[in-house]
Every structure is written in C-alpha cells, then in structure tokens.
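Each remark here refers to the structure printed beneath this line.
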Amino acid sequence: MAKQFIPSLHAFRGFAIINIVAIHAIEFFFYFAGTSEITEKPDLTPFSWAESILFHDSTLYFTFISAILFSMILAERGYSSFFRSKLTNVVLPYLIFTSLITWRSWGLTPAIFDGSVLEFLAQVGKNLITGGAIFSYWYIPVLLVLYLATPIFAKLLSMEKAKWLAVPIILAPLVCSRAWPDITWTNFAYFLGAYMLGMVVGSNYRQTIELIERYLYLFILTAVASTAVLAGLFYLDKPKWGMIAFDESAWYVQKIAIAGLVILLFERTMTCVPKWLDILGNYAFTIYFLHTYLLFEMYSITVKIIAPPTSLPIILALAILNVVLVITFSVVITYVCKLLLGKYSRRIVGS
C-alpha cells in the first residue's frame, strides 16, 4: 500500500489521547473533591464508575493504532527503519522524561531526588524497565515489547500454515487480564492480543472498514452490551476467577467495538482532520509523557488556592475543566519545545 497520510487514523490518535488523559484528570479531581471535611457531600461513586467504564484501558487505542499503521505504512520501510525510528522517537524521549521525573519525583507532595548520582542512575534504570517513574509510564515497557514482537507477528501472518495462530493470540486478552500495577506476563499477553488484531486490521484495512459498515448495528450492540456488562461487574465489585478479571475482558471487547465505530465515523466524515484534533494527533506521545506529571503539579497548586467543592454540578464541571487544562498545558509545552528544539524535538520530547 502506498505510503500516505490517513486522516481517519490520525484523528483516531487524537481521540485516543483525549480518552487517556480524561480518566486520569477526572479521577484526580474526584479525589480532590473527596478530601472535603464536610460530612454532607455528594456521592461520586456513580460518576467514578461511569468515567472508569468509558475511559479505562484507553491505551488499547494506542496499541491498535500502532499496529494498524505498521501494517499499512511502516512495514514497507523495513525493520531497520522501523526500529531506528522507535529508538529515536520513543525510547530516547522515554529515557529523558523518566530521568526528569525521577529527579523531580512525583506525588501529591513532589520533591527533588536527594540520593547520590549512583542511586539516581540505579533508580532511573529501574524505572525504565518497570515504567515506574510515574504511574502512567507502565505502558511504555509493554509498548517496547510490542515493537520487538512486530517482526514475529508479521512473519506469522505471512505464513499460510501458521496465520491461524493469530486467532488465539487475539482472543488471549479475554482470559489473560491486565493486572496493573503488578508487572505480570498477562499484562503483555493482553496488549499483544490487541497488537495482533491491529496488524490484521492494518493488512486488510479497507475490507475491515467495509465489514464494520456491513455489521454496523452489531458493533453498536457490542459496544452498548459490553458497557452494560461493565456496569454490572462494577455493581458486583469486579469479580475475578484466577487470572481472569472479567472487567478487563469486557473492556477489551468494548474498546475493540468503540475503536471500530470511531474509525468508521472518521472514515466516512473526514476528508481532512480538524486543526485541534490534528494537533492532538501530532502531539499525542508528548501529551502522554507530560500529562500525569502536570496533573500532580496542578493538584499541588489547586489545594492551595481553592477548597474542595461540595456541589455536584461544580465538581463535574471542574473535573471536565481539569481535562481541558491539562491537555492545553501539555500542548503549549510541546509547542514551545518544538520551537526551541527544532528538528531534534521528536527525539527529545516525542513530537
């Protein structure tokens, strides 16, 4: 397939980062509201459930888009180009941000790292391996494993007698649940399944779009039903059976259905990407690296200037505002970095 800019997929990357930021920013503000010492305050449980049901596991969208774009565009450039680009555009920014956040530390009371240079380097090394510099970085080590698996998956899909193995790999996340914050093999299996699905979709992109369109109502029903199942699982306190977390299985199905519907919507309605969504698509990786750290900094300022709100409409409005603000600050910082760093910006901040 010709190397090309695909508006629907670029817009989907912007959609993905909005979802990822939203769950973190809303949860931060709900936590802040919950610190109020006033006894009569609104019960945020239904709203906390709702934002989790809608936005949790949105990193699956990133996984889908990475795999789809590999099959559609990057595979033609060869593995040397693929791995070189991931080293310079993902690993280097990850190293830089991990080092900065390890030095600055993070938390509700952030502080400067006060150990020796050797202790600092050791901590940076540990954080790189585990994604432990800040809570959202857990996904980067997983993503790096996905990159390493790319040639294996591509080879498997090219072999007539072996491509059937893609089916159990894609279905594996239904029984191999993500177990954050623990680092387990099931975390990798969960996202490897999504990555394989994305590679299959990318290899058959137009056919997939036609398939979604043909079975549109089934995709809508699947999205609605999986969301309803998640609501029921939350009510039952998210039951598990061995390594199977049923909510993670439902989220996997939900995110596949939503991804299909959103990409189809963009395919059928977009000839060009709106400027604001284009910016989010271009800056997505840097926003991912920045947003959780900024949320901690914003929290430390917020607690000093306002009391925790107790009015439900105000809490919900400010939670949404928190999403808008952290995205805006991330975009502004990224833009300034691009101006200052020029052609080296992508290697340093990821955009």
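Values in this text are rule-based calculations from the coordinates and carry no lab data. Not measured: the values here are computed from a predicted model. Here the Cβ is made from the backbone with ideal geometry for all residues, glycine too, and neighbour counts use every protein chain on show.
So the values come out like this:
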{"item": "Sequence-separation-based contact order of the chain, relative, with Cα cut under 8 Å and 6+ spacing, percent", "result": "33"}
{"item": "Residues MET243, MET196, MET72 arranged by fewest to most Cβ contacts within 10 Å", "result": "MET243, MET72, MET196"}
{"item": "Under 26 Å from LYS338, Cα to Cα: lysines that are on another chain or at least 8 residues apart", "result": "LYS3, LYS86, LYS275"}
{"item": "Percent breakdown of C-alpha pair distances by 10 Å bin, ordered from the shortest bin, for segment 45-202", "result": "10, 32, 32, 19, 6, 1"}
{"item": "The chain - Kirkwood radius from inverse mean 1/r over Cα pairs (Å)", "result": "21.5"}
{"item": "Segment 73-141 pair-distance distribution - Cα-Cα, 10 Å bins, rounded %", "result": "20, 42, 24, 11, 3"}
{"item": "Student exercise, segment 7-349 dipole from Lys, Arg, Asp, Glu Cβ charges, in Debye to nearest 20", "result": "1200"}
{"item": "Share of alpha-carbon pairs per 5 Å distance bin for segment 37-126, given as whole %", "result": "3, 10, 11, 11, 12, 13, 14, 12, 8, 3, 1, 1, 0"}
{"item": "Selection of chymotrypsin sites (Phe, Trp or Tyr not before Pro), segment 95-162, meeting DSSP coil and at most 16 other Cβ within 10 Å", "result": "PHE113"}
{"item": "Segments 187-193, 272-278, 236-242 sorted - mean Cβ within 10 Å per residue, highest first", "result": "187-193, 272-278, 236-242"}
{"item": "Most mobile listed residue (ALA33, ALA317, ALA67) in the chain, GNM with C-alpha springs under 10 Å", "result": "ALA317"}
{"item": "Compactness of segment 142-256 as Cα Rg over 2.2 N^0.38 Å, two decimals", "result": "1.15"}
{"item": "Over segment 1-87, volume per residue of the alpha carbon convex hull, in Å³", "result": "99"}
{"item": "Over segment 224-324 - Rg/Rh using Cα atoms and the Kirkwood inverse-distance radius", "result": "1.06"}
